[in-house]
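Asker: Starting off with a structure, shown below.
The values are calculated or read from the model by the stated rules, or taken from the named source; none is laboratory data. Computed from a predicted structure; not experimentally measured. Every residue, glycine as well, gets a Cβ built from its backbone with ideal geometry; the counts of neighbours run over all protein chains shown. Just the protein is used for accessible areas: all its heavy atoms, side chains included, with ligands, DNA and RNA removed. Shrake-Rupley method; radii C 1.70, N 1.55, O 1.52, S 1.80 Å.
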Amino acid sequence: MSGGANRKKSNRGQGWEEAGFEFYQESYPSNDVELHDVLQKDPKHLATLLPSKQNRAYATIKMRQSGTSTRTYRRQTSSKSRRESTARRASTNAEVHVSMLPDLSKSIPNEQKAWEQIMQIKELPISMTEKKKMKSDIQNAPNFRLQGYEQFKWKRRKALRRFDQKINEILSKLELWKKDLKKIEGNFGTGVVAFFLFIKWLIFLNIFIFVLIFLFIILPMIIFNPSDPTDCFEDDNSTNCCAVDYFNQSISDNLVVLDFVQGTGWMEHTLFFHGFYSNDIFTYASHAFTNYYSLPLAYVSVIVVILLVSLVAIVRSAAKGFKHRIIEGEGQFYQYCNLIFAGWDFCIHNEKAAIMKKKVIYNEVKGCLEAEKLEEEKKNRTKEERTKLIALRIFINVIEIVILIACGAAIFFVFTFSSDKRNETDDEFLSLLYGFLPSITIVFLNVAVPLIFKFLVVYEHYSPNFVINILLIRCVFLRLASLIIFYASMYTIVSCEPEDGECSNKQCGTPMCWETFVGQHIYKLALTDFATHILLTFVVNFPRSLIDKKSKSRIANFIGEQMFDLPKHVLDIIYTQTLCWLGCFYAPMLPAMFVVIFIFMFYIKKFACLVNSKPSNVIHRASRSNSMFMIILLVSFVVAMLPVAYTIGEIRPSQSCGPFRNLNTIWSFVTKAFINTPQWIQHFLDFLISAFFAIPAFIILLLCLYYYTAVNSANRHMVRILKDQLVLEGHDKQFLLERLSLFIKQQQEAQKQMRRSEGDRNAASN
């Protein structure tokens, strides 16, 4: 009985749906002739024929069909329809909100809204003439003055906005290397110009690092000027006597230039290196109070702050790059529209800049097309081809791992050999050669081994973007592994603790001031690397570029043709910055030297880019380049931070020099300083690391994480809805254009028929 009733209800509902669908087809015909007749009767029917409206009507019919199965499913469908109606009402409210925006043709109620509307005009996609006309209409309209505090707030906000605009204009005019960056962008694209902006970013970072070191470490040494220990008595401790021996040791008779290049002799006893700094706590009077300044505490605190500031700066820049990369990845559907219709800079006012901008847009479109072509080739590979390719890639990776191990062994052997030979020889030239031999070996491997990697990666058949990434990973491993092996080689010398009554371990060859010894090696490595860049750019690559330009033979082109290899140049810069982080503890003035090096490196890389090289076949996008730079820089920062942290926490300082002499570890001084702090500071820090604070803080962080995750999910859902609406709007425009062209054709045919009929009438009358 109930089954029959259900069947009757089902048949009845199905009849209503079929009738509704027939009514929809009758009301909104698809035939062009019927459509023309309907629109002649009621033009408002055109709005109901838009694809977005039909999509909503079809979705409603489908929901009604799916709602006739069971009562439970009908309730779910009704809830969905309510959500759809809610979303529809929300979209309707949004349309109403848009329609309620103030009309610029009407009178303006007050100065505040007039100013806000003038600001809105600047963002409108219209010509400058129309913007000026709309602005003059608003300014000439009768306004009602604000009164009292509202007028003061509006004027203050207006003045602050104008001040920000003026500051931004001044900063844009004073921007460093602005013309050079525009020229590079016009010839090589946004990805390459992002590399030069990265160099500029590192320059400002190193300036900030040096300012911190100068204010809190170097300047107190200059102001208080502590005297070096000169006398050692029998009742003095061994540390004081070791310091006297170190500072009274005879300075070498080498040339001033040789001492400057090696960081030895007179330069060793300057503010440049760690060993010169005092371990005193300076006192000074201020307003009848005695104040204290602990240089050792300032030294270790500044190093920790430098590492933290560098980490925060890298993470912020990386997050910004990831955000732009995600936006670019989600905008693949309309990337060509953005490049073609919204890529032009309307502030360009001369022909040269316009030609450069055309090249930029051309390179961007070329890069997008190249990426799509490679994706299609990847999808068309057979299973057998994939198996062979995977086996070949595994074999090549094994070869490269063996090469990396051989490079590490070579660095360790060369460092040990040079240290032994340098202690045995008295010849100045041989001593200089043995001193620079480890640095020359590392730089040679950094130049030669990437060429082998570049030759092998051709046989792995990766896409150009992935080739860049895999080469970067391998070269980063090479350079960072070379630094780790280099540091481990020095660790075998400096980790030997001296025996009782001795200042250093002579059996291991440990120097009296091993911190300065490490700083000297990093200093020599930085100079060798910088000199290599100069030689390769101006002595090797520049004549090659001249051969390529002057001769047209294939052999000359093979020898002289050079592409701007962005990953290689990025590694050069990041490797230099890694040396800066690694050496700023052992040589506090090293960041100032690296600021000068980076300034010269900008011009060296600019010469290599504009003169020696041609644009690469692989087009680098700015967002991908920035994120790539920051990821590699973050990995290099971690590798540079670990040895410094291990030095501070575990290795025993020298007894002869430095601010931490006569201590077991450097961090033990921080522990003693914490014990001497007031009790309320100790209790507060103990509370921060206790469970009473850690557990609630952890729960709050989890809640905040959940909240932002929910907000992110809601935003993603709204983005998908807006994308669907944009697609439907595009279909609506296409539909309207088709109907418009059809209407124009019908009008033209009607006019032709009228002319023919008039001609027939005239012929009949004649």
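Asker: Tell me the residue from Ile452, Ile440, Ile401 that is within 26 Å of Leu472 (Cα to Cα), open to solvent by 90 Å² or more (accessible area, probe 1.4 Å), at pLDDT 80 or above and within 36 Å of the chain's Cα centre (by Cα), please.
Answerer: Ile401
Asker: I would also like to ask the following. Determine if the stretch 611-619 includes at least one residue that is assigned to a helix (DSSP H, G or I) and touching a residue at least 60 places away in the same chain (Cβ under 8 Å).
Answerer: Taking every residue of the stretch 611-619 in turn, at least one turns out to be assigned to a helix (DSSP H, G or I) and touching a residue at least 60 places away in the same chain (Cβ under 8 Å).
Asker: Within the stretch 471-488, identify whether any single residue is among the β-branched types (Val, Ile, Thr) and more than 30 Å from Leu369 (Cα to Cα), and answer yes or no.
Answerer: Checked against the condition, which is being among the β-branched types (Val, Ile, Thr) and more than 30 Å from Leu369 (Cα to Cα), the stretch 471-488 yields at least one hit.
Asker: List every residue pair whose Cβ atoms lie under 9 Å apart, where the two residues are 6 or more positions apart in sequence or sit on different chains, the first residue falls within the stretch 163-179 and is within 25 Å of Lys606 (Cα to Cα), and the second residue, located anywhere, is of a type in the set (Gly, Ala, Ser) and surrounded by fewer than 10 Cβ atoms within 10 Å (Cβ to Cβ).
Answerer: Here the result reads Lys178/Ser172, each pair linking the stretch 163-179 to a residue that is of a type in the set (Gly, Ala, Ser) and surrounded by fewer than 10 Cβ atoms within 10 Å (Cβ to Cβ).
Asker: Further, regarding this structure: Somewhere in the stretch 621-633, is a residue open to solvent by less than 10 Å² (accessible area, probe 1.4 Å), not polar (S, T, N, Q) and not in a loop (DSSP other than H, G, I, E, B)?
Answerer: Yes, there is a match, as at least one residue in the stretch 621-633 is open to solvent by less than 10 Å² (accessible area, probe 1.4 Å), not polar (S, T, N, Q) and not in a loop (DSSP other than H, G, I, E, B).
Asker: Which count do you get for residues in the stretch 417-435 that are surrounded by 14 or more Cβ atoms within 10 Å (Cβ to Cβ) and either in contact with a Ser or Thr (Cβ under 8 Å, 6 or more places away or on another chain) or at pLDDT below 75 (or both)?
Answerer: So the count comes out to 4.
Asker: Looking at the stretch 589-612, can you tell me whether even one residue there is at pLDDT below 85, open to solvent by 10 Å² or more (accessible area, probe 1.4 Å) and out of contact with any Ser or Thr (no Cβ under 9 Å at 6 or more places or on another chain)?
Answerer: no
Asker: If I filter the stretch 669-682 for residues that are closer than 16 Å to Ser301 by Cβ, assigned to a helix (DSSP H, G or I) and hydroxyl-bearing (Ser, Thr, Tyr), do I get at least one hit?
Answerer: Yes, the stretch 669-682 contains at least one residue that is closer than 16 Å to Ser301 by Cβ, assigned to a helix (DSSP H, G or I) and hydroxyl-bearing (Ser, Thr, Tyr).
Asker: Additional query: Anything in the stretch 544-566 that is of a type outside the set (A, V, I, L, M, F, W, C) and either touching a Cys at 6+ places or on another chain (Cβ under 7 Å) or open to solvent by 10 Å² or more (accessible area, probe 1.4 Å) (or both)? List them, or say none.
Answerer: Arg544, Asp548, Lys549, Lys550, Ser551, Lys552, Ser553, Arg554, Asn557, Glu561, Gln562, Asp565, listed by residue number.
Asker: What number of residues within the stretch 285-306 are over 42 Å from the mean Cα position of the chain (by Cα) and touching a residue at least 12 places away in the same chain (Cβ under 8 Å)?
Answerer: Counting residues in the stretch 285-306 that are over 42 Å from the mean Cα position of the chain (by Cα) and touching a residue at least 12 places away in the same chain (Cβ under 8 Å) gives 0.
Asker: Going through Ala608, Ala640, Ala592 one at a time, which residue ends up being touching a His at 6+ places or on another chain (Cβ under 9 Å) and hydrophobic (A, V, I, L, M, F, W, C)?
Answerer: That would be Ala608, the only listed residue that is touching a His at 6+ places or on another chain (Cβ under 9 Å) and hydrophobic (A, V, I, L, M, F, W, C).
Asker: Residues being farther than 21 Å from Gln335 by Cβ and either more than 31 Å from the chain's Cα centre (by Cα) or not in a helix (DSSP H, G or I) (or both): count how many of those fall in the stretch 714-739.
Answerer: Residues in the stretch 714-739 being farther than 21 Å from Gln335 by Cβ and either more than 31 Å from the chain's Cα centre (by Cα) or not in a helix (DSSP H, G or I) (or both): 6 in total.
Asker: Filter the stretch 289-316 for residues that are open to solvent by less than 30 Å² (accessible area, probe 1.4 Å) and assigned to a helix (DSSP H, G or I) and give the result.
Answerer: Leu295, Pro296, Ala298, Tyr299, Val300, Val302, Ile303, Ile306, Leu307, Ser310, Ala313, Ile314
Asker: If we keep just the residues of the stretch 377-389 that are part of a helix (DSSP H, G or I) and surrounded by fewer than 10 Cβ atoms within 10 Å (Cβ to Cβ), which is farthest from the chain's Cα centre (by Cα)?
Answerer: The qualifying residue farthest from the chain's Cα centre (by Cα) is Glu384.
Asker: State all residues of the stretch 493-543 that are part of a helix (DSSP H, G or I), touching a helix residue (DSSP H, G or I) at 6+ places or on another chain (Cβ under 9 Å) and open to solvent by 70 Å² or more (accessible area, probe 1.4 Å); if no residue qualifies, say none.
Answerer: Answer for the stretch 493-543, where residues must be part of a helix (DSSP H, G or I), touching a helix residue (DSSP H, G or I) at 6+ places or on another chain (Cβ under 9 Å) and open to solvent by 70 Å² or more (accessible area, probe 1.4 Å): just Phe538.
Asker: Are any of the residues in the stretch 634-657 part of a helix (DSSP H, G or I), touching a helix residue (DSSP H, G or I) at 6+ places or on another chain (Cβ under 8 Å), among the hydroxyl-bearing types (Ser, Thr, Tyr) and more than 27 Å from Tyr292 (Cα to Cα)?
Answerer: Yes, the conditions are met somewhere in the stretch 634-657.
Asker: Among the residues of the stretch 239-260, is any closer than 22 Å to Ile213 by Cβ, at pLDDT 75 or above and touching a Leu at 6+ places or on another chain (Cβ under 8 Å)?
Answerer: Looking for residues that are closer than 22 Å to Ile213 by Cβ, at pLDDT 75 or above and touching a Leu at 6+ places or on another chain (Cβ under 8 Å), one finds none in the stretch 239-260, hence no.
Asker: For the stretch 455-481, what are the residues that are open to solvent by 60 Å² or more (accessible area, probe 1.4 Å), in a helix (DSSP H, G or I) and touching a residue at least 60 places away in the same chain (Cβ under 8 Å)?
Answerer: Tyr459, Asn465, Asn469, Phe477
Asker: Any idea which residue in the stretch 404-416 is nearest to Val476 (Cα to Cα), counting only those that are open to solvent by less than 70 Å² (accessible area, probe 1.4 Å) and at pLDDT 85 or above?
Answerer: The qualifying residue nearest to Val476 (Cα to Cα) is Leu404.
Asker: Here is a further query. Could you please find all residues in the stretch 720-766 being of a type in the set (Asp, Glu) and either over 23 Å from Cys337 (Cβ atoms) or in contact with a Leu (Cβ under 9 Å, 6 or more places away or on another chain) (or both)?
Answerer: Residues satisfying the conditions are Asp732, Glu749, Glu758, Asp760.
Asker: Could you list, in sequence order, all residues of the stretch 665-697 that are of a type outside the set (Gly, Ala, Ser), surrounded by 11 or more Cβ atoms within 10 Å (Cβ to Cβ) and closer than 30 Å to Glu497 by Cα?
Answerer: Those that are of a type outside the set (Gly, Ala, Ser), surrounded by 11 or more Cβ atoms within 10 Å (Cβ to Cβ) and closer than 30 Å to Glu497 by Cα: Thr665, Ile666, Trp667, Phe669, Val670, Lys672, Phe674.
Asker: Oh, and also: Can you name the condition, by its number, that Lys552 falls short on among (1) part of a helix (DSSP H, G or I); (2) over 34 Å from the mean Cα position of the chain (by Cα); (3) closer than 24 Å to Ala608 by Cβ?
Answerer: Status for Lys552: all satisfied but (1).
Asker: May I pose another question? Using beta carbons and a limit of 8 Å, which pairs, at least six apart or on different chains, have the first residue in the stretch 525-549 and closer than 16 Å to Phe436 by Cβ and the second one open to solvent by less than 50 Å² (accessible area, probe 1.4 Å) and among the aromatic types (Phe, Trp, Tyr)?
Answerer: Cβ pairs passing all conditions: Leu525/Phe486; Ala526/Phe594; Thr528/Phe436; Asp529/Tyr575.
Asker: Which ones in the stretch 386-442 are among the hydroxyl-bearing types (Ser, Thr, Tyr), touching a helix residue (DSSP H, G or I) at 6+ places or on another chain (Cβ under 7 Å) and farther than 27 Å from His533 by Cα?
Answerer: Within the stretch 386-442, just Thr425 meets the criteria.
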